[in-house]
């Protein structure tokens, strides 16, 4: 039961993470200043909801989401790896965009049942978010839910329950 409901949430979690990350970066959030939001080699024409230039990282992340939604996980992995590289190069290894990129990569591995590859990526993503926003931040909830899904899909129900409980506790404080 938990596995089915968490699997359905996958795309929503990716979307929520992107929205949270972009909002934090645009407002100069605690994870880094707005000018270092994974910028890349210049802005792409257009804007995200009229919010300004779209960065290379944002374009790649959006493409990852589309590929994930269409079930093209292999191509999604390639683009997600590139988005991770861009985020690390332009924003540094501990930036929330790196956390999002790691979580997206992990979600793609999980979708292909490559749980051993997904778990350390989720853990690193969570570590970055905790460092940037604190252990009780709502920014942690999507990654916690992703980890719960991973553990549930891998038959690790006790760990899945702990992640769900942590996410619920954070949400209850908001």
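Please treat every number below as a calculation from the coordinates, not as lab data. Here the structure is a predicted model, which is why all the values come from computation and not from measurement. We place every Cβ from the backbone using ideal geometry, glycine too, and count neighbours over all the protein chains shown.
For the peptides 56-67, 107-118, the ranking by mean Cβ contacts within 10 Å, running from highest to lowest, is 56-67, 107-118. From the square roots a ≥ b ≥ c of the eigenvalues of the alpha-carbon gyration tensor of the range 123-174, which class results: rounded (a/c under 1.5), prolate (a/b over b/c), or oblate? Since a/c reaches 1.5 but b/c is at least a/b, the shape of the range 123-174 is classed as oblate.
FRET efficiency for the pair residue 171 and residue 75, taken as 1/(1 + (r/R0)^6) with r the Cβ-Cβ distance and R0 = 45 Å, rounds to 0.85.
The modelled label-to-label distance between residue 85 and residue 123, using points 7 Å beyond Cα along the C-beta direction, is 2.6 nm.
Can you tell me how the range 73-174 classifies by the Cα gyration tensor, rounded, prolate or oblate, using a/c under 1.5 as the rounded cut? Note, shape of the range 73-174 comes out oblate. Remark: the residue 113-residue 66 segment gains 15.0 nm on full extension, using 0.36 nm per residue and subtracting the alpha carbon distance.
The range 129-174 and the range 67-124 have Cα centres spaced 18 Å apart.
Distance between the modelled labels on residue 130 and residue 94, one decimal in nanometres: 1.4 nm (7 Å Cα→Cβ projection).
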